[in-house]
Amino acid sequence: MSWIDEVDVDDAEGKLEAIYAELLKKRGKVSNILKVHSLNPEAMANHLDLYMTVMFDASGLSRAEREAVAVVVSATNECAYCVNHHAEALRRYIKDDETLELLMSADGLETLEPRLSNIVRHAEKLTSAPSAMTEIDLGELRAVGLTDKDILDLTLVVGYFNFVNRIALGLGVSFSTEELGGYKDK
């Protein structure tokens, strides 16, 4: 689970109980990255809202592209929890094991097809060297068809996963094989 106390689903009351019930209804289970928020249900609710917005709202970025960004950002941050969770989700969209391995290692990204390559290389750079970003970087995204709204969405996904990786790493959130699989789509 994690290095801090957590409220189990069976022990939840009030707002936390309602959040857990909604997660169980919609997703079939409560992930460890959300359980770690159980001492602060308001933060959990806001976290869920942000996640649903950046990962599921309408965007010029496909779900596969957003999951690929999640995997690359998490690999760059060495966050095994998020790499494994989002690689599992990405397997629904990308059936090529070699591509999945490149994304999971954040290595060889330049060998991917041009649009995905530019998107994930941008995510890796923004994660590993944010102060090195320049306006030229946005031109490379526009060259593969991203609009300014898409670029904003990409930046939000990168920012979100840097945020959640620090929660997972900073609080020792762990995963199990059972936790990785079996989620409903939303």
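For the stretch 118-145, a tally of residues being touching a helix residue (DSSP H, G or I) at 6+ places or on another chain (Cβ under 7 Å) and in contact (Cβ under 8 Å) with a residue 12 or more places away in the chain returns 17.
Kindly evaluate LYS15 against the criterion of being modelled with pLDDT under 95, basic (Lys, Arg) and farther than 25 Å from THR147 by Cα. Spell out the reasoning first.
On the way: modelled with pLDDT under 95: no; basic (Lys, Arg): yes; farther than 25 Å from THR147 by Cα: yes.
Considered against the rule, which asks whether it is modelled with pLDDT under 95, basic (Lys, Arg) and farther than 25 Å from THR147 by Cα, LYS15 comes out as no.
Against the conditions (1) assigned by TED's automatic domain parsing to the domain that holds GLY159; (2) in a helix (DSSP H, G or I); (3) surrounded by fewer than 22 Cβ atoms within 10 Å (Cβ to Cβ), GLU78 satisfies every one except (2). I'd like to know if the stretch 94-109 contains one or more residues that are outside any helix (DSSP H, G or I), farther than 25 Å from ALA143 by Cβ and in contact (Cβ under 8 Å) with a residue 60 or more places away in the chain. Scanning the stretch 94-109, I find no residue that is outside any helix (DSSP H, G or I), farther than 25 Å from ALA143 by Cβ and in contact (Cβ under 8 Å) with a residue 60 or more places away in the chain, so the answer is no. Please go through the stretch 5-38 and give me each residue that is surrounded by 13 or more Cβ atoms within 10 Å (Cβ to Cβ) and either in a loop (DSSP other than H, G, I, E, B) or within 15 Å of the chain's Cα centre (by Cα) (or both), ordered by number. The answer is GLU6, VAL7, ALA12, LYS29, VAL30, SER31, ASN32, ILE33, LEU34, VAL36, HIS37, SER38.
The set of residues in the stretch 81-93 being modelled with pLDDT of 95 or more and either among the hydrophobic types (A, V, I, L, M, F, W, C) or out of contact with any helix residue (DSSP H, G or I) (no Cβ under 8 Å at 6 or more places or on another chain) (or both) consists of CYS82, VAL83, ALA87, LEU90.
The values are calculated or read from the model by the stated rules, or taken from the named source; none is laboratory data. The shown structure was predicted, so the numbers you read here are calculated from the model rather than taken from an experiment. For neighbour counting, all protein chains shown are included, and Cβ atoms are generated from backbone atoms with ideal geometry for every residue, glycine included.
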